[in-house]
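Chemist: Okay, handing you the structure first.
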């Protein structure tokens with residue numbers, strides 16, 4: 001099933017469910033259910049956004065966005081993450097208030113809601129499995145969090161029913177909030193790495209370079225730049241020093257890059273006589289270039 005369709009179904013399930021939960025929270029006076037409702041509502045809004053952005057991210061490159069629309073998918077992940085960070089802080093805050101001043105809770109109602117919650121979210125999480133985009137990973141993570149959250153609520157409700165420990169409810173919701181917060185921070189870091197054009201995970205530039213220079217007639221490779229648009233495909237540009245820039249050599253290089261997970265590469269060939277200005281990219285200040293302050297040779 002397409003990433004997109006899954007996201008749409010997840011959205012409809014989650015949205016309907018969070019409305020149902022708000023009533024559940026009001027009916028049972030349980031902050032744990034209420035905090036789940038906030039969390040689910042946040043999820044569904046962000047999943048909705050993800051849906052439209054995922055759709056847009058599949059568009060082909062055009063004049064306006066010459067790199068294509070892949071980053072739009074990441075935008076969905078940004079929205080989701082921000083909502084979750086804010087939501088979890090709000091829930092933690094109200095949980096602390098309740099720990100100080102406990103409130104009577106309807107346990108039976110809570111148990112019923114928790115059972116339904118676990119089942120619905122379990123179905124949704126099985127349904128949205130499939131690790132395509134960072135965006136969909138974020139959506140799936142939510143679904144799993146929801147299942148865990150509900151199982152915790154269920155166990156808590158049963159324990160409270162028999163022990164009358166009112167404080168358990170806010171403690172549980174505080175735990176869930178912290179869990180959500182930590183996971184959202186992890187996603188935030190991945191997103192930030194993409195925007196800061198950090199070398200994509202799992203690729204060692206030195207190792208890549210040594211593999212490429214093993215190809216016969218490749219003397220040197222420099223100016224290697226690797227980046228990813230959406231955390232999936234890796235793009236690369238590099239200068240290859242070789243006196244043989246035949247199709248054969250190019251194909252060998254591209255094959256080697258594919259094995260390292262690089263889907264799109266732009267190669268610049270230089271012969272051994274050529275003197276590439278610098279082997280490591282230093283961006284010359286623009287004034288220097290204009291006023292010609294530096295004479296290399």
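Chemist: If residue 95 passes every condition in (1) touching a helix residue (DSSP H, G or I) at 6+ places or on another chain (Cβ under 8 Å); (2) within 21 Å of residue 160 (Cα to Cα); (3) surrounded by fewer than 21 Cβ atoms within 10 Å (Cβ to Cβ) but one, which one does it miss?
Modeler: (3)
Chemist: Can residue 159 be described as assigned by TED's automatic domain parsing to the domain that holds residue 244 and modelled with pLDDT of 85 or more? I'd like the intermediate steps shown before the answer.
Modeler: On the way: assigned by TED's automatic domain parsing to the domain that holds residue 244: no; modelled with pLDDT of 85 or more: yes.
So residue 159 fails the test.
Chemist: Moving on. The conditions are (1) more than 30 Å from residue 107 (Cβ to Cβ); (2) at pLDDT 85 or above; (3) within 16 Å of the chain's Cα centre (by Cα), and residue 208 fails exactly one of them. Which is it?
Modeler: (3)
Chemist: Would you check if residue 237 is touching a residue at least 12 places away in the same chain (Cβ under 8 Å), surrounded by 15 or more Cβ atoms within 10 Å (Cβ to Cβ) and within 30 Å of residue 187 (Cβ to Cβ)?
Modeler: On the way: touching a residue at least 12 places away in the same chain (Cβ under 8 Å): yes; surrounded by 15 or more Cβ atoms within 10 Å (Cβ to Cβ): no; within 30 Å of residue 187 (Cβ to Cβ): yes.
It is false that residue 237 is touching a residue at least 12 places away in the same chain (Cβ under 8 Å), surrounded by 15 or more Cβ atoms within 10 Å (Cβ to Cβ) and within 30 Å of residue 187 (Cβ to Cβ).
Chemist: Take the conditions assigned to a helix (DSSP H, G or I) and farther than 30 Å from residue 50 by Cα and apply them to residue 216. Does it pass?
Modeler: Details: assigned to a helix (DSSP H, G or I): no; farther than 30 Å from residue 50 by Cα: yes.
So residue 216 does not fit the description; no.
Chemist: Of the residues 83, 89, which is in contact with a helix residue (DSSP H, G or I) (Cβ under 8 Å, 6 or more places away or on another chain), under 19 Å from residue 45 (Cβ atoms), in contact (Cβ under 8 Å) with a residue 40 or more places away in the chain and buried (at least 20 other Cβ atoms within 10 Å of the Cβ)?
Modeler: On the way: 89 fails: buried (at least 20 other Cβ atoms within 10 Å of the Cβ).
Sole residue among the options that is in contact with a helix residue (DSSP H, G or I) (Cβ under 8 Å, 6 or more places away or on another chain), under 19 Å from residue 45 (Cβ atoms), in contact (Cβ under 8 Å) with a residue 40 or more places away in the chain and buried (at least 20 other Cβ atoms within 10 Å of the Cβ): 83.
Chemist: While we're looking at this one, here's another question. Which one of these does residue 4 not meet: (1) surrounded by fewer than 16 Cβ atoms within 10 Å (Cβ to Cβ); (2) touching a residue at least 40 places away in the same chain (Cβ under 8 Å); (3) more than 23 Å from residue 156 (Cα to Cα)?
Modeler: (1)
Chemist: Output the number of the condition that residue 253 fails; it satisfies all remaining conditions of (1) outside any loop (DSSP other than H, G, I, E, B); (2) touching a residue at least 24 places away in the same chain (Cβ under 8 Å); (3) out of contact with any strand residue (DSSP E or B) (no Cβ under 7 Å at 6 or more places or on another chain).
Modeler: (3)
Okay, residues lined up against (1) without any contact (Cβ under 8 Å) to a residue 60 or more places away in the chain; (2) in a strand (DSSP E or B); (3) in contact with a helix residue (DSSP H, G or I) (Cβ under 7 Å, 6 or more places away or on another chain); (4) closer than 29 Å to residue 57 by Cβ:
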| residue | (1), (2), (3), (4) |
| --- | --- |
| 207 | yes, no, no, no |
| 212 | yes, no, yes, no |
| 221 | yes, yes, yes, no |
| 231 | no, no, yes, yes |
| 266 | yes, yes, no, yes |
| 274 | yes, no, no, no |
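The values are calculated or read from the model by the stated rules, or taken from the named source; none is laboratory data. On a predicted model such as this, the values are computed, not experimentally measured, just so you know. Heads up, the Cβs are rebuilt from the backbone with ideal geometry, glycines too, and the neighbour counts pull from every protein chain shown.
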